[in-house]
Amino acid sequence: MKKRIRRIVVIAVVLVLVLAAVAVAFPQRLLCVDSGTAQADVIVVLGGGAAERPERAAELFTNHAAPRIIVSGWGDCTINRHLLIEDGVPAKAIALESQSRNTRQNAEFTVKLLREQKASHVILVTSWYHSRRALATFRHYAPEINFYSRPSYVGYARADWPGRRYIGHIYWEYPKLLGYWIGYGVCPF
């Protein structure tokens, strides 16, 4: 019996080490979700990141992926709105959700606006390494809405990570995924 338990423990440890190695070596395969071309009622830009998120949303808006944009995130929404306008998005096409301070609140507070607008198809724009958790969180809080992920890819190449603070964001995403799964029931898969 002890030998069998020891074998199970060894297999579990090896499995965890292999998964950890894959997570470190290929984070884009685990963290990035891109739904591809999609048409939607609204684009939701999540706060955080840098200028790459509103830039990506403006690109999608210009390509007629959706006629409206909601900018979500306390402190970021005003700056991101300004960047969207600079990139050619009309001010009247932009709504703000300015209360949320994390991804869960982005979803909870923005979903209220989406339901008020009767949106059924929504494109989420965030950084590539945040896209899996963001998509899972929005789907968790509004399973009746079809969400698509169209992340920005700034810092995607491994060579771009050092010196740009991406590496910390990338690797912190793993414990955040686990925390959202355990704490809020948001399954990332």
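The phi-based Karplus calculation (6.51 cos²θ - 1.76 cosθ + 1.60; θ = phi - 60°) puts the 3J(HN,Hα) values of segment 139-148 at 5, 5, 7, 8, x, 7, 9, 8, 9, 10 Hz, whole numbers, x for Gly and Pro. Computed from the C-beta positions of Ala93 and Tyr171 and an R0 of 41 Å, the FRET efficiency is 0.70 to the nearest 0.05.
Using only the C-alpha atoms, the convex hull of segment 76-128 corresponds to 104 Å³ per residue. With contacts taken as Cα pairs under 8 Å at a separation of at least 6 residues, the chain carries a relative contact order of 23 percent. Rounded to the nearest 500, the 222 nm mean residue ellipticity of the chain from helices alone is -16000 deg cm²/dmol, with -39,500 (n - 2.57) taken per DSSP H run of at least 4 residues.
Ignoring lysines fewer than eight residues from Lys112 along the same chain, the ones with Cα atoms less than 25 angstrom from its Cα are Lys92, Lys176. Please state the shape class of segment 31-184: rounded when a/c is under 1.5, otherwise prolate if a/b exceeds b/c and oblate if not, all from the C-alpha gyration tensor. It is oblate, given that a/c is not under 1.5 and a/b is not larger than b/c. What is the angle, in °, between the Cα long axis of helix 2-25 and the longest principal axis of the Cα atoms in the chain? Nearest 10 is fine, range 0 to 90. Tilt of helix 2-25: around 30 degrees. Calculate how steeply helix 52-62 sits against the longest principal axis of the alpha-carbon atoms of the chain, using the helix alpha-carbon long axis, and give the answer as 0 to 90 degrees to the nearest 10. Rounded to the nearest ten degrees, it is 50. Among Lys112, Lys92, Lys176, the largest mean-square fluctuation in a Gaussian network model of the chain (Cα springs under 10 Å) belongs to Lys92.
Axis of helix 166-184 versus longest Cα principal axis of the chain: the two differ by about 80°, to the nearest ten degrees. Most simply put, the chain has about 0% antiparallel DSSP beta bridges, counting only bridges with both residues inside it.
FYI, it's all coordinate maths here, none of it is from the lab. Keep in mind that what you see is a predicted model, and the values were worked out from it rather than measured. Cβ coordinates were reconstructed from backbone atoms using ideal geometry, including for glycine residues, and neighbour counts include every protein chain displayed.
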